[in-house]
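Comments concern the structure below.
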Amino acid sequence: IKLDFFVSFSSISSVWGSKGQAHYAAANYFLDLLAYYRQKLGLPALSINWGPWAGGGMAVEEFQTWMSRMGIEALPPTQAIASLEYLLGTNCVQTTVANIDWSLFKGLYEARGKRSLLEQIAAQPQKTLAQQSNQRSEILQQLESAAISKRQNILITFLQNEVAKSLKLSQLPDSQQGLFDLGMDSIVAIELVNSIQSQLQVELPVADFLQASNIAALAMLLLKQFNPGNSTLEVTTHVLDLNEEAILDDSIYPETADTEPAQTAAILLTGATGFLGAFLLKELLNQTEADIYCLVRAEDAESGKIKIQKNLKDYSLWEEERSYRIIPVVGNLSQPKLGLSAEKFDKLARKIDVIYHNGAVLNFVYPYSALKPTNVLGTQEILRLACQFKVKPLHYVSTDAVFDSSGYYDKEVTESEPIIHTEGIDLGYTQTKWVAEKLVTIARTRGLPVSIYRPPLIAGDSRTGFWNTDDFTCRFLKGCIQMGSMPNMNCAITIVPVDYVSQAIVYLSQQKQSLGKAFHLNNPHYSSWNQVANWIDEFGYPVRQIAYEAWEAELIETLGSKDNALNGLLPFFLRRWSKEQLTFAELGQRRVKLNCQQTVASLAGTSIICPPVDSKLINTYFSHFIRSGFLESPKVGIGNR
């Protein structure tokens with residue numbers, strides 16, 4: 001049959017893809033290729049990659065709403081027909097017809113970096129130099145007239161106001177708080193980027209914005225490429241040297257050689273209102289007869305006791321009959337002398353016999369500067385307390401992340417190996433824990449009896465399933481279930497149950513031979529993230545295992561939903577690690593292998609055994625997730641029985 005026209009109604013999904021519609025996109029791509037094949041044969045052919053049409057059909061209301069949030073609006077049928085009529089009169093083989101808000105869509109599509117497909121498309125209409133000079137915003141004029149030393153603070157204040165306005169906050173956000181912790185989604189992010197670019201007349205790639213951990217980091221990013229008044233702005237950035245940070249106050253030195261109290265009558269525990277802290281407190285109450293003094297931020301001792309009690313009850317650990325031994329100490333780790341008066345600090349130093357320092361701020365997005373007061377300076381104050389008047393043995397809870405340096409990639413380290421390498425440690429939390437452990441080891445060389453415990457990510461109670469569902473691992477698991485996909489990570493899942501960690505620490509701390517040693521509390525049984533994904537699927541939550549970069553792209557798309565558990569962790573998953581620019585999945589494959597033989601040997605003969613991460617443990621955790629309302633019951637699988 002001799003045809004005048006051969007028109008394929010293809011879809012924009014074959015041009016730039018569509019989450020969860022791989023088969024649909026592939027089928028439409030076939031139509032596009034068919035058009036080119038026919039053209040090669042000298043036959044008429046036209047493939048139109050349509051955006052959604054208004055008025056029903058494939059683009060139902062829910063789908064249209066989602067597309068609109070991505071910057072893809074529905075085409076009125078009259079416009080679509082007019083476009084078809086026009087295209088029939090051209091020699092075009094393939095073309096896209098869609099109603100796109102480029103200021104929104106381009107930013108989302110290029111969230112992980114520039115795409116050649118859209119490089120000729122401007123997200124915003126370009127202004128001429130004359131227009132720019134006549135429309136210089138108030139903030140731009142303020143920056144140009146300010147001294148270079150003051151521009152960073154001006155930018156921070158400007159960004160705080162812009163973020164507060166975008167998120168409709170009643171007060172200005174802290175400049176160190178994570179942008180996505182504030183409730184920002186991808187749509188608000190793009191709108192904010194456009195506003196910043198317009199007012200400052202600078203280029204701010206969405207990928208850079210998404211990777212900025214907070215307002216302060218974003219201000220530094222803008223300063224580096226900002227060029228007010230056609231003059232070069234030189235921004236000097238401080239390169240963090242962890243060894244220079246690890247300098248212990250010379251005044252912190254054991255005052256006596258007596259390191260063995262006649263009996264342990266008073267124990268100081270920090271971090272008692274945290275997850276591991278609750279279980280440590282429980283074990284200290286169970287395994288000792290001592291009074292447990294708990295450093296807690298509160299208005300007074302009574303409210304501090306209530307705070308500790310609530311935390312124990314949250315994990316089903318509260319025992320009324322032992323509660324009289326819990327003594328709150330109202331203070332603050334981030335303050336000199338723990339926020340206590342000199343008199344109260346001295347009194348506490350005379351009273352305490354042993355210290356368990358577990359308190360820290362755990363955040364994978366905050367920079368070193370935001371975490372230093374609590375994690376580093378707080379540790380220094382604990383060391384000051386340990387050395388004052390009488391020597392108090394210190395049991396310090398560190399982390400396996402102190403070996404995250406690229407200097408340890410693909411290696412195995414024993415518990416006696418000192419932490420030396422710092423290159424590639426660029427996560428603020430890990431930096432603070434590395435410095436803090438260094439301070440502790442310096443105190444040990446000065447004569448303070450110290451034991452160090454290095455757990456990995458801490459999981460829920462292996463017996464009950466109770467878990468801090470706001471932690472990294474829980475948010476990662478829930479977010480992946482919400483997305484229906486997990487990154488393909490054929491590497492070890494480094495989590496250990498909290499009951500094992502707490503029991504091991506308290507038992508080991510009571511053995512005299514433990515002083516001066518470090519213990520690796522990692523799981524001696526190997527399990528991979530891919531195995532966990534399979535167990536989750538068997539439990540009843542379908543999750544596709546896909547390449548990390550593809551999962552990243554899906555994660556960015558989910559930010560249109562404020563309910564996704566991973567929203568606040570976006571900068572963490574988008575970042576690249578070390579000079580090799582590794583993804584999070586690649587980093588997992590290169591991470592150091594911790595040898596825990598000393599720990600296992602020291603626990604031999606006890607009932608303290610680390611359970612493997614297997615389907616049984618996963619079922620225990622997910623059953624609790626459902627009971628607590630953290631997850632909805634699956635419709636199929638083991639979890640539905």
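Using Cα positions and a limit of under 19 Å, work out the aspartates and glutamates in reach of K635, with same-chain residues fewer than 8 apart set aside.
Leaving aside aspartates and glutamates fewer than 8 places away in the same chain, those within reach of K635 are D537, E538.
How compact is the stretch 407-547 by the rule of thumb for globular proteins, expressed as Cα Rg over 2.2 N^0.38 Å?
Details: Rg = 17.8 Å, N = 141, 2.2 N^0.38 = 14.4 Å.
Rounded to two decimals, the normalised Rg is 1.24.
Ranking M184, M220 by Cβ neighbours within 10 Å, fewest first, what do you get?
Details: M184 21, M220 16.
Fewest-to-most Cβ neighbours within 10 Å comes out as M220, M184.
For helix 548-558, report the angle its Cα long axis makes with the longest principal axis of the Cα atoms of the chain; keep it between 0 and 90° and round to the nearest 10°.
80 degrees
Ranked from highest to lowest mean number of other Cβ atoms within 10 Å per residue, what is the order of the peptides 74-80, 482-488? Provide the component values of the computation, followed by the final result.
On the way: 74-80: 15.1, 482-488: 20.1.
Ranking the peptides 74-80, 482-488 by packing returns 482-488, 74-80.
Excluding residues on the same chain fewer than 8 positions from K310, give the lysines whose Cα lies under 19 Å from its Cα.
K282
So for the stretch 345-494, considering every pair of alpha-carbon atoms, how many percent are separated by more than 19 Å?
61 percent
How fast does the chain diffuse by Stokes-Einstein, in µm²/s, taking the Kirkwood radius from C-alpha pairs at 25 °C and 0.890 mPa s?
Details: Rh = 27.9 Å.
Translational D for this selection: 88 µm²/s.
Could you tell me the center-to-center distance, by alpha carbons, between the stretch 376-401 and the stretch 529-574 in angstrom?
38 Å
Which of rounded, prolate, oblate describes the stretch 475-587, given a ≥ b ≥ c as roots of the alpha-carbon gyration tensor eigenvalues and a/c under 1.5 marking rounded, otherwise prolate only if a/b is larger than b/c? Please list the in-between numbers first.
Details: a/c = 2.31, a/b = 1.87, b/c = 1.23.
Prolate shape, in that a/c is at least 1.5 and a/b is the bigger ratio.
For the stretch 243-454, what is the convex hull volume of its Cα atoms per residue in Å³? Display every interim value, and only then the final one.
On the way: hull volume 28.0 nm³, N = 212.
It is 132 Å³ per residue.
Give me the number: length gained by fully extending K310 to S195, i.e. 0.36 nm times residue separation minus the C-alpha to C-alpha distance, one decimal in nm.
Numbers: separation 115, 0.36 × 115 = 41.40 nm, distance 4.34 nm.
37.1 nm is the gain from fully extending K310 to S195.
What do you get for the angle between helix 428-445 and the principal long axis of the chain? Use alpha-carbon atoms, 0 to 90 degrees, nearest ten.
The helix 428-445 is inclined about 20 degrees to the chain.
Using Cα centres only, tell me the gap between the stretch 459-486 and the stretch 275-304 in whole Å.
So the two Cα centres are separated by 26 Å.
Using the Cα atoms of the stretch 363-412 to build a convex hull, what is its mean projected area in square nanometres?
Numbers: hull surface 20.1 nm².
One quarter of the hull surface, i.e. the mean projection, equals 5.0 nm².
Can you flag which of K344/K512; K351/K390; K372/K433; K351/K392; K344/K392 are past 19 Å Cα-Cα? Numbers along the way, then the final one.
Values: K344/K512 30 Å; K351/K390 9 Å; K372/K433 9 Å; K351/K392 10 Å; K344/K392 17 Å.
In this structure, K344/K512 exceed 19 Å between Cα atoms.
Run the reach check for K40 against lysines, Cα to Cα strictly under 27 Å, same-chain hits fewer than 8 apart removed. What comes back?
K2
Only the coordinates and a few stated rules stand behind these numbers; no lab work does. Remember, predicted model here, so these are calculated numbers, not experimental data. Heads up, the Cβs are rebuilt from the backbone with ideal geometry, glycines too, and the neighbour counts pull from every protein chain shown.
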